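Derivation of every value follows stated rules applied to the coordinates shown; laboratory data play no part. Remember, predicted model here, so these are calculated numbers, not experimental data. Counting neighbours? That spans all protein chains shown, and the Cβs are built from the backbone with ideal geometry, glycine included.
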Amino acid sequence: MKYAIDLHIHSALSPCADDDMTPNNIVNMSILKGLDIISITDHNSCDNIEAVIEVAGDDILVIPGMEVQSREEVHLLCYFSCLASIFKFDRIIRQRLPLIPNDPHIFGNQYIIDHLDNIIDIRDELLLVSVDMTVEEIIAAVEELDGVVIPAHVDRTSYSILSQLGFVPPDLKLPTLEISKLSSVDKLNLKEFNYIMSSDAHHLGEILERKMLVDLDEPTIHALLSLFRK
Ligand SMILES: [Zn+2]
Ligand SMILES: [Zn+2]
């Protein structure tokens, strides 16, 4: 069966995302857009994922995810099969995150929000920075936790693996790449990869419609992550 996915959505925890990217708003907009599977991928953090999963219930499948910025300024989407795994990964990322205080007036708010859309906390350290880990180290840490890495928005001229490294090193064994929603695979001379298209939504209206479809035997996190490993 075909399932509609958007696996790159920022919540109000990402400083660059709108404050109304709350768990209820994201889930309800994703359902309105006709999506079956989404992922919340905040910059170097995952504090709002549990609330989004709780709000989603059985209505829409939510993959625990994070968009990590490597030392080389490459954005990597990291997906996990369960909350326990992403929380373990989060502990590693917190240790490697430089402690630069966020200035909300310049970068935006970093809200931690509960399942009722109440702001329950604020992340003080700026999340929009490189963690002190290489691309290779991040991939190793994700794979150790049985997760999957997909390089983000490879068509873009900044913060992508192609813009920063110039190519996708074959030894990294990354079979799947992400392209932006207004891009096209034809523009890239990289035929040997699989692609997913995502919205990278920072505003509610940007969340993808039924545009990126995947074929799965069953709509489970396991089935989806297996597809990205091929
Ligand atoms: Zn990015
Ligand atoms: Zn993003």
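Details
- Evaluated at q = 0.09, 0.16 Å⁻¹: base-10 log I(q)/I(0), Debye formula over Cα of region 2-229: -0.32, -1.11
- For the chain, built as a Gaussian network whose Cα springs stay under 10 Å, the top-fluctuating residue of Lys211, Lys191, Lys173: Lys191
- Ranked packing of 10-21, 193-204, most packed first, by mean Cβ within 10 Å: 10-21, 193-204
- Summed residue charge, Cβ within 13 Å of Ile92's Cβ, Lys/Arg positive, Asp/Glu negative: -1
- Principal axis dimensions, region 112-230 - Cα atoms, whole angstrom, descending: 45, 36, 30
- Within-11-Å neighbourhood charge of Ile196 [Cβ basis; K, R +1; D, E -1]: 0
- Residue-averaged 222 nm ellipticity for the chain, from DSSP H runs of 4+ at -39500 (n - 2.57), nearest 500: -7000 deg cm²/dmol
- Counting lysine pairs in the chain whose alpha carbons fall under 17 angstrom apart, excluding pairs fewer than 8 residues apart on the same chain, gives 8.
- Radius ratio Rg over Rh of region 18-83, counting only Cα atoms, Kirkwood formula for Rh: 0.99
- Equivalent ellipsoid semi-axes - Cα gyration tensor, region 1-111, angstrom: 24, 17, 12
- Sorting the segments 36-48, 91-103, 128-140, 57-69 by their mean number of nearby beta carbons within 10 angstrom, highest to lowest, gives 36-48, 57-69, 128-140, 91-103.
- Cβ-based net charge around Arg71, under 14 Å, with every Lys or Arg adding one and every Asp or Glu removing one: -4
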